[in-house]
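A quick write-up on the structure given underneath.
The values are calculated or read from the model by the stated rules, or taken from the named source; none is laboratory data. All of these numbers come straight from a predicted model, not from anything done at the bench. Using ideal geometry, Cβ is built from the backbone for each residue, glycine included, and neighbour counts are taken over all protein chains shown.
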Amino acid sequence: MAKSGAASLRKLWLNVHLWIGIGLGLLIVPIAISGALLVWHDHIDALVNPARYAVSGTKVELPPSAYLASAARALPANAAPVAVRYPESDGWPLVVSAAGRVNVYLDPPTARVLEVVNFRSSFIGVLHRFHENLTIPEYSGRAVVGWVGVGMLISSLTGIYLWWPRNSAFTRGLRWRRSPETTTNLHHLLGFWISIPLAVVSATGIYLGFPQQGRELLSSMMAMSPRPSGAPLARQTTLTPDSALEKARASEPGAQPAVLFLATQLQGGASPLWRVQLRKTNSDETVTVLVDDQSGKVTPVAPALAGDRTAQWIRWIHEGSRGGPVWQTIVFLCGAFPPVFAVTGLIMWLRRRPARKGAAQLRPAE
């Protein structure tokens, strides 16, 4: 009786695993591939658009006002600069971001315009939009991606159950030749090694696919700050971008600028504020300070609440942007392996159909 119950349970999870692969395969494969490519989005963008990254040197020698002026001359009239993003590493361009998600790529030593790009229409931008909402946000595309994440999570967990050897010989399950067929061995072995990371990436993707519900759930367990409302740029400022950056850097000796956000006008007639992200020397850690436009006072931004930090880590884990090259590679494989599973799983299913059909025809004769 126990064996019959275990066999029935195994058959149930096998059918769930199978129909998730068949039913969601056409969505899982492109979503997974786009996610894999986005792990190294900057490097792929540089490969696709070399002119955008053809810098003449590595040193950022000019003040932010020079980069802003150069970008303003190249931007359309309706796209005002909002931030100066400094290179994360040597050999990368400096980017001035403007309203409407338009980016101006500049040569760090000279402020020469390399290219003006509308992010939404760029290759990486299209990948982002497809991975986030299938480029159909008006038709609940983000929710569809979230449900695909649910399917991937269930598929990962049922895959572990189905992989587990029936005689509980764990080490035997790690062998390559569990079956005479190469496709079956490939499906089993790759699936086992990637199943746990794939479950983690899928679970974080569910949170990102249902942001409102995920935030409500997270805020019920941890303190979270309210969603920031977009503030308009200040029309007139007392400080210049150069002086605002200088005051911010003076508050963190040795730190290098990461992003300078232009002053925004707060409600109630309060003084405009400049926001500056500084990157600590020999570290990926950044600190954010606010510079009062009238008084010049520099105030560190309060540490993020527990819920905000958790939400950040959920995104970082899903993107592979934290954890170094090892986790980046694992996240990349989480996107690269599902197409392999789709093909090998389909072959396994097609191979079993004649066998099941033949067994069904023999039963009446027996």
- Query: Among the residues of the stretch 218-246, how many are free of Cβ contacts under 8 Å to residues at least 60 places away in the same chain and surrounded by 13 or more Cβ atoms within 10 Å (Cβ to Cβ)?
  - Reply: 8
- Message: Can you list residue pairs whose Cβ atoms sit under 7 Å apart, with the first residue in the stretch 182-209 being under 10 Å from L153 (Cα atoms) and the second being crowded, with 17+ Cβ neighbours inside 10 Å and among the polar types (S, T, N, Q)? Count only pairs 6 or more apart in sequence or on different chains.
- Response: S195/S156; L198/S156; A199/S156; S202/S156
- Query: Can you name the condition, by its number, that P76 falls short on among (1) touching a residue at least 24 places away in the same chain (Cβ under 8 Å); (2) surrounded by 14 or more Cβ atoms within 10 Å (Cβ to Cβ)?
  - Reply: (2)
- Item | Qualifying residues in the stretch 82-108 (those that are within 22 Å of the chain's Cα centre (by Cα), modelled with pLDDT under 95 and among the charged types (D, E, K, R)) - the one surrounded by the fewest Cβ atoms within 10 Å (Cβ to Cβ) | E88
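Does P364 meet the test of being modelled with pLDDT under 95, within 21 Å of the chain's Cα centre (by Cα) and under 30 Å from L18 (Cβ atoms)? Let's see the steps before the verdict.
Values: modelled with pLDDT under 95: yes; within 21 Å of the chain's Cα centre (by Cα): no; under 30 Å from L18 (Cβ atoms): yes.
The answer is no for P364.
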- For residues that are aromatic (F, W, Y) and modelled with pLDDT of 80 or more, scanning just the stretch 138-176, find the one that is farthest from K11 (Cα to Cα). Y139
- Message: Could you go through the stretch 272-280 and let me know if any residue there is among the basic types (K, R), out of contact with any Asp or Glu (no Cβ under 7 Å at 6 or more places or on another chain) and not in a loop (DSSP other than H, G, I, E, B).
- Response: yes
- At least 3 residues that are of a type in the set (A, V, I, L, M, F, W, C) in each: list the helices (runs of 4 or more DSSP H) lying fully within the stretch 115-204 that qualify. 123-133, 141-163
- Task: Go through the residues of the stretch 25-40 one by one and say whether even a single one is free of Cβ contacts under 8 Å to residues at least 12 places away in the same chain, under 30 Å from E115 (Cβ atoms), part of a helix (DSSP H, G or I) and not aliphatic (A, V, I, L, M).
- Result: no
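How many residues does the stretch 70-114 contain that are outside any loop (DSSP other than H, G, I, E, B) and charged (D, E, K, R)? Spell out the reasoning first.
Taking the stretch 70-114 first, the residues outside any loop (DSSP other than H, G, I, E, B) are 70-74, 81-85, 94-98, 102-106, 113-114.
From what's left, charged (D, E, K, R): 73, 85.
Residues meeting the conditions: 2.
Please verify whether A248 is small (G, A, S), in the same structural domain as D292 (by TED's automatic domain parsing) and at pLDDT 95 or above, treating the condition exactly as stated. If you could, list the steps in order and put the result at the bottom.
Numbers: small (G, A, S): yes; in the same structural domain as D292 (by TED's automatic domain parsing): yes; at pLDDT 95 or above: yes.
Here the answer is yes, as A248 does meet what is asked.
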- Query: Has the stretch 59-69 got any residue that is modelled with pLDDT under 95, farther than 23 Å from A255 by Cα, of a type outside the set (D, E, K, R) and not in a strand (DSSP E or B)?
  - Reply: no
